1. By how many degrees, between 0 and 90 and to the nearest 10, does the Cα long axis of helix 77-88 differ from the longest principal axis of the chain?
2. Loop only by DSSP, 11 or fewer other Cβ within 10 Å of the Cβ. Give me the trypsin sites (Lys or Arg not before Pro) in the stretch 40-127 that pass, ordered by residue number.
3. Step by step: find N for the stretch 31-114, compute 2.2 N^0.38 Å, then divide the Cα radius of gyration by it. What's the final number?
4. With a cut-off of 8 Å between alpha carbons and a minimum separation of six or more residues, what is the relative contact order of the chain in percent?
5. Set Lys and Arg Cβ to +1 and Asp and Glu Cβ to -1, take the dipole of the chain about its Cα centre, and tell me which of Ile118, Trp26, Leu63 lies farthest positive.
6. Per-residue ellipticity at 222 nm for the chain, helices alone: DSSP H runs ≥ 4 residues times -39500 (n - 2.57), over residue total, nearest 500 deg cm²/dmol?
7. Could you compute the FRET efficiency for Arg73 and Glu97, with r as their C-beta to C-beta distance and R0 at 30 Å, rounded to 0.05?
8. Working from Cα positions, state the angle (0 to 90°, nearest 10) between the long axis of helix 31-50 and the longest principal axis of the chain.
Amino acid sequence: FSFCVSGNPVPKARPRVVTRVSGTSWAYTPLRTKVWERTIAWTARQAMLAAEISAPLTGRLQLSLSFGREGRRTCDLDNLIKAGKDALNGVLWIDDEQIDHLTAERCYGCERGQGYLIIAIGETGLE
């Protein structure tokens with residue numbers, strides 16, 4: 001099963017912590033990261049409907065991610081992977097702990113508006 005998410009991939013940003021004068025503090029995910037993760041999740045749900053997959057996968061999984069980034073601005077591949085995996089928890093699989101095999105690649109130089117993420121997922125056959 002595979003599908004493509006249109007958009008320039010956004011690396012997972014570290015949570016930001018805000019502290020009030022009263023000493024109360026909380027962490028939040030930056031908006032840019034949230035929007036990208038929601039885009040991945042929405043696209044996954046649409047692809048699952050088209051493939052007649054009605055619930056998250058439950059077995060051991062292998063995952064392949066291919067990122068096409070616009071321009072030449074670099075980022076860590078592991079942060080791109082983290083955003084993709086976090087977005088799909090509870091959507092395509094129950095938890096990313098199910099992933100036993102992972103391959104990922106990224107390329108740069110896509111024209112503006114041509115960024116992408118291709119996701120391919122399958123069962124490993126392992127128990």
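Nothing in this text is a laboratory measurement; each read-out follows from the coordinates by a stated rule. If you're wondering where the values come from, they're calculated on a predicted model, not measured in any experiment. All Cβ positions, glycine included, derive from the backbone under ideal geometry; neighbour counts span all protein chains shown.
1. That helix lies at roughly 70 degrees to the long axis.
2. Within the stretch 40-127, the qualifying trypsin sites (Lys or Arg not before Pro) (loop, at most 11 other Cβ atoms within 10 Å) are Arg72, Arg73, Arg112.
3. It is 1.15.
4. 41 percent.
5. Projecting each Cα onto the dipole axis, the largest value belongs to Trp26.
6. That calculation yields -8500 deg cm²/dmol at 222 nm.
7. Plugging the Cβ-Cβ distance into 1/(1 + (r/R0)^6) gives 0.45.
8. Taking the Cα atoms of the chain, the angle to 31-50 is about 20 degrees.
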